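Undergrad: Sharing a structure, written as structure tokens. Questions coming.
The values are calculated or read from the model by the stated rules, or taken from the named source; none is laboratory data. The structure displayed is predicted, hence computed values, not measured ones. A quick note on method: Cβ atoms are made from the backbone with ideal geometry, for glycine too, and the neighbour counts reach across all protein chains shown. Please note that ligands, DNA and RNA were not included when accessible areas were found on the heavy atoms of the full protein model with its side chains. Shrake-Rupley method; radii C 1.70, N 1.55, O 1.52, S 1.80 Å.
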Amino acid sequence: MAQTILPFKVGDTLEVRSFEGGYRGAWFRCQILNIFTKEENLFYSLKYLDYDGEEIHHTQVYQRFEDEEKEWLMVRPPYPPVYYERQVRKIEADQAPLVVVYGSWKVGDLVDWETDGCFWCATVVELQRNALQIELLPPPLGEGDTYPALRKDVRPTLDWSPEDGWTLPSMGGHKSQSVKLVKREKGVDHVTQDVCQSGKEHAQIAKKQKTERAKKQKIERDTQLKTEKSKKQKTESDTQLKTERDTQQKTERETQLKTERDTQQKTERDMQQVKGNGEIQLNIDESDSVEAAVYDLEELIVRIEWIKKMLSPDVGEGSTWKYQDYRPSSKGM
């Protein structure tokens with residue numbers, strides 16, 4: 001690159017870059033404190049505006065990267081203002097160029113990523129909801145690493161030269177589909193020839209992207225509501241089943257306890273009836289008739305048979321046979 005006369009003077013603010021490892025591809029805001037030549041090379045003494053306490057740097061304006069023959073211009077004017085399309089008409093006439101952003105970023109767009117007090121040149125490699133995945137330019141123009149970047153922290157990448165001023169760079173022969181460069185003179189917009197798409201086409205693309213985004217968001221909301229509804233119904237169903245199961249188990253326990261209690265009480269009554277007070281009540285205690293004596297004899301035989309069955313090994317504990325006293329009415333005797 002032939003070293004031409006640059007439009008900068010002491011006191012001007014500009015941006016500078018470096019080929020120093022770890023800082024390649026980053027643009028820093030500086031102020032010119034002095035301009036001088038050394039061995040026929042142009043130097044600027046620069047104060048870094050975003051790094052308090054940083055010492056003054058003496059930067060060679062044109063540099064070669066390692067053994068390359070090409071010379072690179074290391075400084076440029078301050079970056080022009082950036083606006084969205086809807087904001088352009090509200091800006092007063094200005095001779096300075098304007099960078100107008102249309103719609104959303106796309107994979108392949110060239111951007112400057114603001115971080116650590118400087119802007120790093122990069123390429124968009126992946127689109128995310130609120131962020132971009134970017135890849136820094138390869139050496140000598142960058143460090144070549146990949147990072148996540150918030151959309152609010154990126155701006156369009158621009159090139160600058162003393163001959164052509166600000167221009168949109170290309171990547172693989174294609175320029176950004178999301179940006180155009182406008183120069184305003186007396187309220188009239190002059191769009192540079194390297195604009196890839198007209199404002200109308202950009203507006204149509206932006207409208208289409210907005211519609212698709214709205215549809216996607218609606219589908220996501222509907223899916224989320226359906227999932228939440230299913231979870232709620234499942235929870236209610238599980239709660240109802242648990243309640244019914246607990247109620248059934250409680251009823252079964254109560255029934256079992258009642259059955260056991262009734263069985264125990266019945267057994268106690270039967271044992272009490274057998275044991276009594278140790279004496280056998282006789283009919284002849286209430287009547288002196290022959291019939292009463294016969295009844296007592298029959299009852300005695302029945303009791304003996306009942307006791308024999310109780311003592312018999314062939315009869316299990318599950319026998320339900322029960323002896324009951326027969327008491328004839330004393331009126332009939």
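Undergrad: Anything over 28 Å Cα to Cα? Flag those among Lys180/Lys210; Lys47/Lys175; Lys106/Lys216; Lys210/Lys231, in the order listed.
TA: Table pairs above 28 Å Cα-Cα are Lys47/Lys175; Lys210/Lys231.
Undergrad: Largest first, what is the accessible-area ranking of Met310, Met171 with a 1.4 Å probe?
TA: Met310, Met171
Undergrad: Rolling a 1.4 angstrom probe over the protein chains, ignoring ligands and nucleic acids, what is the accessible area of Tyr23 in square angstrom, nearest 10?
TA: 110
Undergrad: Another one. At 25 °C and 0.890 mPa s, what whole-number value in µm²/s does Stokes-Einstein give for the translational diffusion of region 1-67, with Rh from the Kirkwood sum over Cα pairs?
TA: Diffusion coefficient, whole number: 191 µm²/s.
Undergrad: Would you check the accessible area of Lys231, probe 1.4 Å, heavy atoms only, in square angstrom rounded to 10?
TA: Here the accessible area works out near 130 Å².
Undergrad: Further question: Cβ neighbours within 10 Å, averaged per peptide: list 251-262, 101-112, 154-165 in order, most packed at the top.
TA: 101-112, 154-165, 251-262
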